[in-house]
Amino acid sequence: MKEVSGKKVSYVYFYIGLIITGLVISFLGRFQILSRYYLQIFMFMCINIIMTVSLNLINGFTGEFSIGHAAFMAIGAYTSCIFTTILFSSSKWPPYYQIPFFLISILIGGFASFALGYIIGLPILRLKGDYLAIVTLALVEVMRSAIKLSDELAGLFQRMHLTRLSQIIQQIGGPRGLSSVPGFTNIFWTVFFTILTVFIINRLLNSSYGRVWLALRDDDIAAEMMGVNISFYKNLSFAIAGFWAGVGGGLYAHILRYIHADNFNFIKSIEYLVYLYLGGMSSIWGSIIAAGSLTFLLELLRIVNMQQWRLVIYPLILIIIMIKKPEGLFKRDF
Amino acid sequence: MLKVENLTIKYNHIQAVKNISFEVSQAKIVALLGANGSGKSSTLRAISGLIRPSGGKIIFNGKEINELPPHEIVRLGIIHVPEGRGIFANLKVIENLEIAGYLRKDRKKMKKDLEHVFDIFPILKQRQKQYGGTLSGGEQQMLAIGRALMARGKLILLDEPSLGLAPKIAESIFQIISEINNEGISTLLVEQNAQKALEIADHGYILETGRIVFNDSAKELAGNQKIRKAYLGE
């Protein structure tokens, strides 16, 4: 990987701003000025930023059209929870074991999503546009149904006398959901991973890999004729985005402390698409601002007890944006 | 250098190219001429691996390349400049050129090659910070050819380089093609403008509905009365 010429966008202000906000919020939380609910909103904002920025890598910078982000999130969430909750009852450990173990579990969740992204990408990234959208949509539903059917799998292993394996799968919970996940995620880790996501994706975009992705977005046949192994690069972008979505999912699970397959339905995917398109394709700042502010806005409606208006205000904003700024709020970075 | 033997291309049941054989030798310009739908572009696409021929062999420097994926064919030195140029509209001119360089192993030489491309196309140097999509048609064609040079093409497949260009610009593109040829790079040129193509080519093949109907040196073809009537519009 090599840094290349051209415009560089720096997110230093974002990093500093996010760190300061995180510090202030955790300070206020410590002295009980803000309740845990507000801390949680902030953490969800960060996770939604991770999800939207990583989705931007596929849909914005590589020019594919995926609505399968919830599937990656689900894999990350469930994989990390299998480690922290099912295989090891880490909630009973002393804290200095918990933290590195939590990080490793999150990363394993990320790598599981990376692998899924790469393998699933092999066949489906031959599709383009609407067809890819349909298949990725199906991916979300398949994943959700598969998780829900985990009891069936446990039963199968039981009949094959693989008792231990069967017990583990049993605990994934299928339609009951996976509960008593330790609440390891805190403001520090969400801020840390958000900054890491933005930093790494920005660095990748400014490398030769990034330029190839942008070339694929403009004209993939021409890129192929210039010697780009297009399926490798498309898969890579899909897998890297999947990695960060998996990390986001892992963090998410350890905030909620209870996950259910229905948390990761296609509405979730659509949510990230909305953030992405609102903020503007191919703009990381756009993804950050849109994901952060919309998450906050929706919770604000809940606070002022206008929760039933959520689904009115939400589309209204979108319609106004689509009419006034069809390219999204922010101009593309590249 | 490039040898095509009994190439057949089918789109479902329609034969676009029927059993054609031709050759491009080192440092020569070979023109592939013919009317619309005669199979010229399909032939180029088969050589660069974008479509799989249903029969025949394509041999490049002694190696059979029919089964290779496009990106590996590029690595061997066959660069296809597609019809419509295939410029990356949202990348800058310089980035368009660098893309070809990224995929090469000898990145140190890239700077030298870039200088070389800028020597041939001074306009690209002026426009290097502009986005590819903002260039004029002629400049885009130059960029596409420049990109092929950056990829260290030994054989450049040019599909309709003069398409949609003003006659004067087209003229300069043809001149550049023959300049590049003087450096030892072979060119397989597909053109509608047969007269211009034969002026710079060494050898010509004329295709008609997927078959080669004439095959001679460019001079002979340009002088042949029958061909002049049928293809050169006299």
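The values are calculated or read from the model by the stated rules, or taken from the named source; none is laboratory data. In this text, all values refer to a predicted model and were calculated from it rather than measured experimentally. Neighbour counts are summed over all protein chains in view; Cβ atoms, including those assigned to glycine, are modelled from backbone coordinates with ideal geometry. For accessibility, only protein heavy atoms count, side chains too; no ligands or nucleic acids. Shrake-Rupley method; radii C 1.70, N 1.55, O 1.52, S 1.80 Å.
Looking only at the range A:83-110, how many residues end up being more than 22 Å from A:ILE240 (Cα to Cα) and aliphatic (A, V, I, L, M)?
Looking only at that region, the number is 3.
Do we have B:ILE120 as within 13 Å of chain A (Cβ to nearest Cβ), touching a residue at least 24 places away in the same chain (Cβ under 8 Å) and β-branched (Val, Ile, Thr) here? Walk me through it before giving the result.
On the way: within 13 Å of chain A (Cβ to nearest Cβ): no; touching a residue at least 24 places away in the same chain (Cβ under 8 Å): yes; β-branched (Val, Ile, Thr): yes.
For B:ILE120, the condition - within 13 Å of chain A (Cβ to nearest Cβ), touching a residue at least 24 places away in the same chain (Cβ under 8 Å) and β-branched (Val, Ile, Thr) - is not met.
Tell me which residues, restricted to the range A:43-68, are assigned to a loop (DSSP other than H, G, I, E, B) and at negative phi. Don't jump to the end; show me each part of the working.
The first filter runs over the range A:43-68 and keeps only residues assigned to a loop (DSSP other than H, G, I, E, B), leaving A:62-68.
Residues satisfying the conditions are A:THR62, A:GLU64, A:PHE65, A:SER66, A:ILE67, A:GLY68.
Anything in the range B:1-29 that is crowded, with 21+ Cβ neighbours inside 10 Å, out of contact with any Phe, Trp or Tyr (no Cβ under 7 Å at 6 or more places or on another chain) and under 26 Å from B:GLU179 (Cα atoms)? List them, or say none. Explain how you work it out, then say what you get.
Initial filter on the range B:1-29 (crowded, with 21+ Cβ neighbours inside 10 Å): B:2, B:4, B:7, B:9, B:16-17, B:20, B:24, B:29.
Still in the list and also out of contact with any Phe, Trp or Tyr (no Cβ under 7 Å at 6 or more places or on another chain): B:7, B:9, B:16-17, B:20, B:24, B:29.
Residues satisfying the conditions are B:VAL24, B:ILE29.
Just checking, does the range A:181-198 include any residue being without any contact (Cβ under 8 Å) to a residue 24 or more places away in the chain, more than 14 Å from chain B (Cβ to nearest Cβ) and assigned to a helix (DSSP H, G or I)? First the steps, then the outcome.
Step one: filter the range A:181-198 for residues without any contact (Cβ under 8 Å) to a residue 24 or more places away in the chain, giving A:192, A:196.
From what is left, the residues that are more than 14 Å from chain B (Cβ to nearest Cβ) are A:192, A:196.
Still in the list and also assigned to a helix (DSSP H, G or I): A:192, A:196.
The answer is yes; a qualifying residue exists.
Residues checked against (1) surrounded by fewer than 19 Cβ atoms within 10 Å (Cβ to Cβ); (2) modelled with pLDDT of 90 or more:
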{"position": "B:ASP113", "(1), (2)": "no, no"}
{"position": "B:LEU124", "(1), (2)": "no, yes"}
{"position": "B:GLN141", "(1), (2)": "no, yes"}
{"position": "B:ALA144", "(1), (2)": "no, yes"}
{"position": "B:GLY153", "(1), (2)": "no, no"}
{"position": "B:GLY164", "(1), (2)": "yes, no"}
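(1) within 11 Å of another protein chain (Cβ to nearest Cβ); (2) touching a His at 6+ places or on another chain (Cβ under 9 Å): which one isn't true of B:ILE94, the others all being true?
(2)
For the range A:81-108, enumerate the residues that are closer than 19 Å to A:SER145 by Cα and open to solvent by less than 10 Å² (accessible area, probe 1.4 Å).
Filtering the range A:81-108 for residues closer than 19 Å to A:SER145 by Cα gives A:81-82.
Listed by number, the list holds a single entry, A:CYS81.
Restricting attention to the range A:65-74, does a residue exist that is closer than 19 Å to A:THR136 by Cβ and open to solvent by 30 Å² or more (accessible area, probe 1.4 Å)?
Yes, the range A:65-74 contains a residue that is closer than 19 Å to A:THR136 by Cβ and open to solvent by 30 Å² or more (accessible area, probe 1.4 Å).
Answer yes or no as to whether A:LEU28 is modelled with pLDDT of 90 or more, surrounded by fewer than 18 Cβ atoms within 10 Å (Cβ to Cβ) and more than 23 Å from the chain's Cα centre (by Cα).
Numbers: modelled with pLDDT of 90 or more: yes; surrounded by fewer than 18 Cβ atoms within 10 Å (Cβ to Cβ): yes; more than 23 Å from the chain's Cα centre (by Cα): yes.
It is true that A:LEU28 is modelled with pLDDT of 90 or more, surrounded by fewer than 18 Cβ atoms within 10 Å (Cβ to Cβ) and more than 23 Å from the chain's Cα centre (by Cα).
So how many residues does the range A:217-258 have that are open to solvent by 30 Å² or more (accessible area, probe 1.4 Å), among the basic types (Lys, Arg) and within 14 Å of chain B (Cβ to nearest Cβ)?
1
Of the numbered conditions (1) farther than 22 Å from A:GLY183 by Cβ; (2) open to solvent by less than 10 Å² (accessible area, probe 1.4 Å); (3) within 13 Å of the chain's Cα centre (by Cα), A:LEU132 fails exactly one; give the number of that condition.
Of (1) farther than 22 Å from A:GLY183 by Cβ; (2) open to solvent by less than 10 Å² (accessible area, probe 1.4 Å); (3) within 13 Å of the chain's Cα centre (by Cα), only one is false for A:LEU132: (3).
Taking only the range B:135-173 into account, find how many residues are within 14 Å of chain A (Cβ to nearest Cβ) and in a loop (DSSP other than H, G, I, E, B).
Residues that pass the stated criteria total 5.
Restricting to the range B:97-117, count the residues that are of a type outside the set (Asp, Glu) and at the interface with another protein chain (Cβ under 7 Å from one of its Cβ atoms). Walk me through it before giving the result.
The initial filter retains those residues of the range B:97-117 that are of a type outside the set (Asp, Glu), namely B:97, B:99-105, B:107-112, B:114, B:116-117.
With at the interface with another protein chain (Cβ under 7 Å from one of its Cβ atoms) added as a condition, the list becomes B:99-100, B:102-103.
Qualifying residue count for the region: 4.
Take the conditions modelled with pLDDT under 95, open to solvent by less than 10 Å² (accessible area, probe 1.4 Å) and of a type in the set (Gly, Ala, Ser) and apply them to A:GLY17. Does it pass? Don't jump to the end; show me each part of the working.
Details: modelled with pLDDT under 95: yes; open to solvent by less than 10 Å² (accessible area, probe 1.4 Å): no; of a type in the set (Gly, Ala, Ser): yes.
So A:GLY17 fails the test.
Is it true that some residue in the range A:63-75 is of a type in the set (S, T, N, Q) and over 27 Å from A:ALA133 (Cβ atoms)?
no
Hey, could you check the range B:80-90 for residues that are under 14 Å from the mean Cα position of the chain (by Cα) and at the interface with another protein chain (Cβ under 7 Å from one of its Cβ atoms) and say which is modelled with the highest pLDDT?
Start the filter on the range B:80-90 by keeping residues that are under 14 Å from the mean Cα position of the chain (by Cα), which leaves B:80-86.
If we keep only those that are at the interface with another protein chain (Cβ under 7 Å from one of its Cβ atoms) as well, we get B:80, B:82, B:86.
Values: B:HIS80: 92, B:PRO82: 87, B:GLY86: 84.
So the residue we want is B:HIS80.
Tell me which of these A:ARG126 doesn't satisfy, since it passes every other one: (1) part of a helix (DSSP H, G or I); (2) within 14 Å of chain B (Cβ to nearest Cβ).
That leaves (1) as the condition not met.
Run down B:LEU44, B:LEU32 and say which single residue is open to solvent by less than 20 Å² (accessible area, probe 1.4 Å), within 11 Å of chain A (Cβ to nearest Cβ) and either in contact with an Asp or Glu (Cβ under 8 Å, 6 or more places away or on another chain) or not in a loop (DSSP other than H, G, I, E, B) (or both).
Numbers: B:LEU32 fails: within 11 Å of chain A (Cβ to nearest Cβ).
The unique qualifying residue is B:LEU44.
So B:ASN66 passes all but one of these: (1) more than 7 Å from chain A (Cβ to nearest Cβ); (2) open to solvent by 30 Å² or more (accessible area, probe 1.4 Å); (3) in a loop (DSSP other than H, G, I, E, B). Which condition number does it fail?
Result: B:ASN66 fails condition (2) only.
Looking only at residues in the range A:199-216 that are more than 16 Å from the chain's Cα centre (by Cα) and open to solvent by 20 Å² or more (accessible area, probe 1.4 Å), which one is nearest to the other protein chains (Cβ to nearest Cβ)?
A:TYR209
Going through the range B:183-220 one residue at a time, which ones are free of Cβ contacts under 8 Å to residues at least 40 places away in the same chain and in a helix (DSSP H, G or I)?
B:GLN195, B:LYS196, B:GLU199, B:LYS219, B:GLU220
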